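Reading through the structure tokens given below for one structure.
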Amino acid sequence: MKCHTLSWSVTGFTSIFICAMLSISNQAYALDLVAFGRSCLNQEKALNADRKAIEATELERLRARQRQNSLPEDDYAQELADLENTLDACLETEPNSGYCHQVRMQYDELQYRAEKAREDNFTELNNTTLANNDSLYERELFIQKKERFEDLCRDSDAHYSLLNSPSAYQAVCGSATAKHSITCSFTD
């Protein structure tokens, strides 16, 4: 009888030990899922912040481009034409008068301003071109980050396990904002 009790004790002890180890490993796995889920939520927040920054930069560049479409040298064109007509009339009647001298000075000043506006506009257009290249580079980097995020945090076995583990899901996706995230949903 002792032999039988001893064998049951060893078998029972072994069974209890195995169950305890499985329970511990399941808890460790759940903790890994929680860490995985929280990491994905942090990555998602960072991606959303990057996306908003890129969109704000692109919106500002679009507004700047719209401002540049009304070229400043065009503002001087009508005044230059008027002064040119006045200068021509003045040269026909009294070319050396003080009035003609004043009109010539105004015309020269206006030509200088128009040329300066053209140069400034050219510089701004070059700066905009360089900024657009930076914007394309930033957008490409963002797309690569997003693809890596989706591969890891949305299209992976760990993500599927997180969504199917009630305790891990509750720990990671318990808040209302987290529930609407890519990390805590099957679809984006």
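Observations
- Those residues of segment 146-176 which are over 21 Å from ALA46 (Cβ atoms) and either of a type outside the set (D, E, K, R) or in a loop (DSSP other than H, G, I, E, B) (or both), in sequence order: TYR160, SER161, LEU163, ASN164, SER165, PRO166, SER167, ALA168, TYR169, GLN170
- Checklist (1) over 30 Å from ASP108 (Cα atoms); (2) over 31 Å from the mean Cα position of the chain (by Cα); (3) at pLDDT 80 or above applied to THR11, failing item: (3)
- Residue among ALA20, ALA28 that alone is part of a helix (DSSP H, G or I), at pLDDT below 85 and over 30 Å from ARG154 (Cβ atoms): ALA20
The values are calculated or read from the model by the stated rules, or taken from the named source; none is laboratory data. All figures in this text were calculated on a predicted structure; none of them were measured in a lab. Cβ sites come from the backbone with ideal geometry, for glycine too, and all protein chains shown count toward neighbours.
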